[in-house]
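Below you'll find the structure, written out as C-alpha cells, and then a few comments.
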C-alpha cells in the first residue's frame, strides 16, 4: 500500500536535507545485493529522523535493528562529534557489511555495534538515551518499547518503524482477511494499542513510508 503519492514523495525528498553519498552507497549496494532490501528506511524517513535528532540536540542514540547500516550512519550524521549510537542486531553477516561502509565515513566512529538479542543487551546499557529507534523483529516490539522508556532522557523520544505494516493493521472490515493474517500484524497492533492506551506516554503515529510511531514520556502541565 502506497501511503503517499510517489510523485509527491519524490518532490518532498528533492526539497529535503538528505543523507550523505556514503549512505547512498549503502542503499545502492543493499538494493542490488542483499536480500530483504525493503527493510531500508529510505531517504524520506532518514531525513525526518535527522530533523528529530537535531530538534532535541540528541547525543546518545540506541538503535534496535542494524541491517546494513544505512539508518545508523544517517543518524550519526545528525549528532555531534562526541555523540554515540549503539546499534543492536543479531545478524553478524549484515553487521559486518555495515561496518565496512561505516569505516568509509567520517561519522562512522560514532557508531558502536552490539551483536546479540536486544532483550538481553538493552538492560546492560547505561542510560539515559536521547533517542531510540526501534526497527527490529516485530515480535518483540512491545518489549523493546517497555525496556526503552525508562532509559529515556527528560526530552528523549522513541521512534518505532513499520507500524502501519502496509495497511494490514487496519481492522478486519477494512482489508480482506487473507491479506493480513500474519503474526507480525498482531504484534504491531499490540504495540500500537499499548501506546494509544498508556497514560504515561504521548504518541503520534505518522503515515510516513510504512508508518512511524513517535513516542515520548508525557509531561504534566
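Looking at the chain only, what percent of DSSP beta bridges run antiparallel? Nearest 5 please.
Rounded to the nearest five, the antiparallel share is 35 percent.
Rounded to the nearest angstrom and ordered from largest down, what semi-axes does the equivalent ellipsoid of region 98-168 get from its C-alpha gyration tensor (root of 5λ)?
Result for region 98-168: semi-axes of 22, 18, 13 Å.
Working out 0.36 nm times the residue gap between residue 8 and residue 28, then minus their Cα-Cα distance, what length gain in nm do you get to one decimal?
5.0 nm
Ranking 161, 120 by Cβ neighbours within 10 Å, fewest first, what do you get?
With the sparsest Cβ surroundings first, the list reads 120, 161.
Using Cα springs under 10 Å in a Gaussian network model of the chain, which residue among 136, 196, 46 shows the largest mean-square fluctuation?
With Cα springs under 10 Å in the chain, the top fluctuation among 136, 196, 46 is at 196.
I'd like the distance between the alpha-carbon centres of region 64-116 and region 119-153, rounded to an integer number of Å.
Using only Cα atoms, the two centres lie 16 Å from each other.
How big is the Kirkwood radius of the chain, worked out from every pair of different alpha carbons and given in Å to one decimal?
One decimal place: 17.8 Å for the Kirkwood radius.
Compare the peptides 163-171, 62-70 by average per-residue count of other Cβ atoms within 10 angstrom and give them in order, highest first.
With the highest mean Cβ count within 10 Å placed first, the list reads 62-70, 163-171.
Go ahead and estimate [θ] at 222 nm for the chain from helices alone: -39,500 (n - 2.57) per DSSP H run with n ≥ 4, summed, over the residue count, rounded to 500.
When only DSSP H runs of four or more count, the value is -11000 deg cm²/dmol.
No lab work stands behind these numbers, since they all come straight from the coordinates. Keep in mind that this is a model prediction, so the values were computed, not measured. Glycine gets a Cβ as well: all are built from the backbone with ideal geometry, and neighbour counts include every protein chain shown.
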